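> I am attaching a structure below and will ask some questions about it afterwards.
The values are calculated or read from the model by the stated rules, or taken from the named source; none is laboratory data. Only a predicted model underlies this, so the values are computations on that prediction, with no experimental measurement involved. Reconstructed Cβ throughout: ideal geometry from the backbone, glycine too, with neighbour counts over all protein chains shown.
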Amino acid sequence: MGILNKINSPSELKSLNMEDLKVLAKEIRKKIIEVVEKSGGHLAPNLGVVELTIALHRVFDAPKDKIIWDVGHQSYAHKLLTGRRESFHTLRQYGGISGFPSPFESRYDAFGTGHSSTSISAALGMACSRDYTQDDYKIVAVIGDGALTGGMSYEALNQTGYLKKDIIVILNDNSMSISKNVGAMSNYLSKIITKPIYNRFKDDVWELLGKLPPALSSKTRGLASKITEDLKNLLVPSGLFEELGFRYFGPLDGHNLDLLIKTFQNIKRLKGPILLHVLTKKGKGHDPAENNPSKFHGVGPNMGKSLPKRETYTDVFAKSIIELAQKDKKIVAITAAMPDGTGLIEFSKRFPERFFDVGIAEQHAVAFAAGLAISGYKPVCAIYSTFLQRAYDQVIHDVCLQKLPVTFCIDRGGVVGEDGPTHHGAFDLSYLRLVPNLIIMAPKDKDELKDMLFTATTYKDGPVAIRYPKGEVAGEDLKKERTKLNIGEAEILVQGKDVCLIGVGSMVCECISAASMLKKDGISVEVINIRFIKPLDKKLLSGVFKRIKRVLTVEENVLTGGFGSAIMEFLTEEELGDVQLKRIGFPDKFIEHGPRNLLLEKYGLKSEHIAQIVKEWI
């Protein structure tokens, strides 16, 4: 039957002996691999924290004690041990359990996470609440070394050390984010790892001095504290964490269950801010994932099977920016710890001096791009839609206010599938459309994305955002030469007289398909590829609205403040009260996880639904 099948809550771990716990670790890894191979998910990060998860739940008393998983893509073992074993096969599937922690899903998920570097801030908030109410429980934040490249984690460390709150921070150090870590913090941690002698020496000295007579021991230990502090500064470069007010322990083997459990038992009794540094191996226990942790960070369904490779918008962007950079030495590329996901790996190899991975630091990425732009370069900032939200202030103040020529290539615009609400790019048209000086484009197909990138990198009068979806690219290579688009110019793709469909980016093809369906029913449909969400092609729209009085906008974005709202505002400004407007997009809610096509169908963003709305309207 196995040990895992008998675990329905973490309290049951407390009765298991060490050999049983080691067997349990193997069974958890086997279960994770089995499910992820079928449904996809984050494989390598979860395999790396199995022993750490078991030790945490063995020593601490969740859900009374709060365990917060930073980013949360390493919470699969946690889910298996907290009552979700029976439903684990539904992981990331529509209607199934989430791939990230969610308080809506389980009381063991202390805090909902999906973006990086938030755990210590949340833990500090919980600690203050606990102390105000004079409650008694432990709070543990598990944060990866990659997440420490995010500035928010330092803000939280700074205040936690200042307030001296009782918090345990587990630094899970596997030298990786999604790709290999970069930056000074990564180098700093490497120095600690190579010089672990300090903590061993400190513990040995402390134990030895404790054997002296009490009066002498007390005085000698005071002197030893000064000596060991000086020794620490010599052996552990700068003692960053202790200078921030944390007691630092480690580094220790994050796969040694016995050591982890004993260490947790010891630090659980301590008060004040504690930072425990553990070393883990991403992909542990699965050779392909251990040997290539970046590739196996997140995998799709049917992992390991040879499937036909379909070209994506990301692929087209990757090739196009290289072509442009070959001709223009002022073009530089910036990403926030996502060179693989944004398609910039090949660029980084071809132009290493013009490639910058800033770590999980989107705010810095955008302000850094602004600095490059104001100095005469042409920065292309490639960030997922959901992560660009984190740099909103920098987009407004540092780039748009100064009208700097930064190109934002916004990948994963719209729904992204099984990663769910923390990762869907459902808001970018709304949150960007209101910012002055910003041009916003969305391509309908492959050629148009290439033309838009060419247009953006040659535009000198301000910033440009290009928004494209996850998934297979539409269209073929029809042009060899790139075309510079006229800013704000839309195009009529299909002419009609009964209804006008205005599509945004990925929805243009759906509109064309809907028009073909409606033509068979005798309904004449005009289709506009808006291309520019901002500025609008007011001249073209005014002409169309004089001829056609039924208008339907279709966008892969939340309706609130989105493109449809822009058309509504235009109709009001132009006093075109005789035009009837309907809008299709996402409702005012966070969209659940599930396959991309299923979600588009559910929310009416497929051609069949568009055609049905028009039929009912006519």
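> Restricting the search to region 318-359, which residues are in contact with a Lys or Arg (Cβ under 9 Å, 6 or more places away or on another chain), buried (at least 21 other Cβ atoms within 10 Å of the Cβ) and assigned to a helix (DSSP H, G or I)?
Those that are in contact with a Lys or Arg (Cβ under 9 Å, 6 or more places away or on another chain), buried (at least 21 other Cβ atoms within 10 Å of the Cβ) and assigned to a helix (DSSP H, G or I): S320, A325, F347.
> Next question, about the same structure. Anything in region 16-32 that is free of Cβ contacts under 8 Å to residues at least 60 places away in the same chain and part of a helix (DSSP H, G or I)? List them, or say none.
First pass over region 16-32, keeping only residues free of Cβ contacts under 8 Å to residues at least 60 places away in the same chain: 16-17, 19-20, 23-24, 27-28, 30-32.
Within region 16-32, E19, D20, V23, L24, E27, I28, K30, K31, I32 qualify.
Condition check ((1) part of a strand (DSSP E or B); (2) among the aliphatic types (A, V, I, L, M); (3) buried (at least 18 other Cβ atoms within 10 Å of the Cβ)) across all residues:
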residue: A514; (1), (2), (3): no, yes, yes
residue: V554; (1), (2), (3): yes, yes, yes
residue: I567; (1), (2), (3): no, yes, yes
residue: G577; (1), (2), (3): no, no, no
residue: K582; (1), (2), (3): yes, no, no
residue: E608; (1), (2), (3): no, no, no
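> Show the residue pairs meeting these rules: Cβ distance below 8 Å; 6+ apart or different chains; first residue within region 548-561 and within 25 Å of I618 (Cβ to Cβ); second residue crowded, with 24+ Cβ neighbours inside 10 Å and hydroxyl-bearing (S, T, Y).
Sorted first by the residue in region 548-561, then by its partner, the pairs are E556/S506.
> Follow-up question, since we're still on this one. Here are G475, G505, G496: which of them is touching a Ser or Thr at 6+ places or on another chain (Cβ under 7 Å) and not hydroxyl-bearing (S, T, Y)? It would help to see each step written out before you state the result.
On the way: G475 fails: touching a Ser or Thr at 6+ places or on another chain (Cβ under 7 Å); G505 fails: touching a Ser or Thr at 6+ places or on another chain (Cβ under 7 Å).
That would be G496, the only listed residue that is touching a Ser or Thr at 6+ places or on another chain (Cβ under 7 Å) and not hydroxyl-bearing (S, T, Y).
> A further question follows. Does I360 satisfy the criteria of being hydrophobic (A, V, I, L, M, F, W, C), within 30 Å of D145 (Cα to Cα) and touching a Cys at 6+ places or on another chain (Cβ under 6 Å)? I'd like the intermediate steps shown before the answer.
Values: hydrophobic (A, V, I, L, M, F, W, C): yes; within 30 Å of D145 (Cα to Cα): yes; touching a Cys at 6+ places or on another chain (Cβ under 6 Å): no.
When the stated conditions are applied, I360 does not pass them.
> May I pose another question? Test I374 against the stated conditions and say whether it is over 24 Å from the mean Cα position of the chain (by Cα) and among the aliphatic types (A, V, I, L, M). Break it down stepwise before answering.
Values: over 24 Å from the mean Cα position of the chain (by Cα): yes; among the aliphatic types (A, V, I, L, M): yes.
Judged against the criteria, I374 is a match.
> If we scan region 125-138, do we find a residue that is aromatic (F, W, Y), under 27 Å from E34 (Cβ atoms) and touching a residue at least 12 places away in the same chain (Cβ under 8 Å)? Step through it out loud before you land on a result.
To start, the set of residues in region 125-138 that are aromatic (F, W, Y) comprises 132, 137.
Restricting the remaining residues to those that are under 27 Å from E34 (Cβ atoms) gives none.
Taking every residue of region 125-138 in turn, none turns out to be aromatic (F, W, Y), under 27 Å from E34 (Cβ atoms) and touching a residue at least 12 places away in the same chain (Cβ under 8 Å).
> Additional query: Criterion first (outside the structural domain of L453 (by TED's automatic domain parsing), over 27 Å from A426 (Cβ atoms) and either in a strand (DSSP E or B) or touching a residue at least 60 places away in the same chain (Cβ under 8 Å) (or both)) does I528 satisfy it? Write out each step before concluding.
On the way: outside the structural domain of L453 (by TED's automatic domain parsing): yes; over 27 Å from A426 (Cβ atoms): no; either in a strand (DSSP E or B) or touching a residue at least 60 places away in the same chain (Cβ under 8 Å) (or both): yes.
So I528 does not fit the description; no.
> Which of the following residues is at pLDDT below 95 and more than 30 Å from S98 (Cα to Cα): I523, I618, I533, I567? Working first, answer last.
Values: I523 fails: at pLDDT below 95; I533 fails: at pLDDT below 95; I567 fails: at pLDDT below 95.
I618 is the lone residue from the list that is at pLDDT below 95 and more than 30 Å from S98 (Cα to Cα).
> Hey, I67 hits all of (1) within 24 Å of L148 (Cβ to Cβ); (2) part of a helix (DSSP H, G or I); (3) aliphatic (A, V, I, L, M) but one; which does it fall short on?
(2) is the only condition that I67 fails.
> Separate question: Restricted to region 108-154, and to residues that are in a loop (DSSP other than H, G, I, E, B) and β-branched (V, I, T), which residue is nearest to the chain's Cα centre (by Cα)?
Narrowing region 108-154 to residues in a loop (DSSP other than H, G, I, E, B): 108-118, 133-138, 145-146, 150.
When the remaining residues are screened for being β-branched (V, I, T), the result is 113, 118, 133.
Values: T113: 10, T118: 12, T133: 34 Å.
Among those that are in a loop (DSSP other than H, G, I, E, B) and β-branched (V, I, T), it is T113.
> (1) under 20 Å from V142 (Cα atoms); (2) modelled with pLDDT under 95; (3) touching a helix residue (DSSP H, G or I) at 6+ places or on another chain (Cβ under 8 Å): which one isn't true of P45, the others all being true?
Condition (3) is where P45 drops out.
> Limited to region 1-53, what total is found for residues that are buried (at least 23 other Cβ atoms within 10 Å of the Cβ) and not aliphatic (A, V, I, L, M)?
Qualifying residue count, region 1-53: 8.
> Please find, within region 155-174, the residue that is surrounded by the fewest Cβ atoms within 10 Å (Cβ to Cβ) out of those that are within 27 Å of the chain's Cα centre (by Cα) and without any contact (Cβ under 8 Å) to a residue 40 or more places away in the chain.
Ranking the qualifying residues of region 155-174, first place goes to E155.
> Related question: State whether the residues of region 71-78 include one that is assigned to a loop (DSSP other than H, G, I, E, B), modelled with pLDDT of 95 or more and assigned by TED's automatic domain parsing to the domain that holds L16.
Taking region 71-78 as the starting set, the residues that turn out to be assigned to a loop (DSSP other than H, G, I, E, B) are 71-75.
Restricting the remaining residues to those that are modelled with pLDDT of 95 or more gives 75.
Of the ones still in play, those that are also assigned by TED's automatic domain parsing to the domain that holds L16 are 75.
So far as region 71-78 goes, yes, one or more of its residues are assigned to a loop (DSSP other than H, G, I, E, B), modelled with pLDDT of 95 or more and assigned by TED's automatic domain parsing to the domain that holds L16.
> Just give me the residues in region 354-401 being over 23 Å from G420 (Cβ atoms) and of a type in the set (S, T, N, Q), in sequence order. If you could, list the steps in order and put the result at the bottom.
So the first thing to find is which residues in region 354-401 are over 23 Å from G420 (Cβ atoms), and the list is 354-359, 361, 363-381, 393-401.
Selection gives Q363, S375, Q394.
> Write out, first by first residue and then by second, each pair whose Cβ atoms fall under 7 Å of each other, whose residues are 6+ apart or on separate chains, and whose first residue, in region 591-618, is over 19 Å from L581 (Cα atoms) while the second is modelled with pLDDT of 95 or more and part of a helix (DSSP H, G or I).
Final answer for the pair search is I591/L599.
> List the helices (runs of 4 or more DSSP H) that sit entirely inside region 213-317 and contain at least 3 residues that are modelled with pLDDT of 90 or more and over 23 Å from N158 (Cα atoms). Walk me through how you get there before you give the answer.
Values: elements: 214-235, 240-243, 257-268, 287-291.
Passing ranges, in order: 257-268.
> Continuing with this model, one more query. Scan region 268-277 residue by residue and report those that are of a type in the set (A, V, I, L, M, F, W, C) and crowded, with 18+ Cβ neighbours inside 10 Å. Walk me through it before giving the result.
Residues of region 268-277 that are of a type in the set (A, V, I, L, M, F, W, C), as a first pass: 270, 274-276.
Within region 268-277, I274, L275, L276 qualify.
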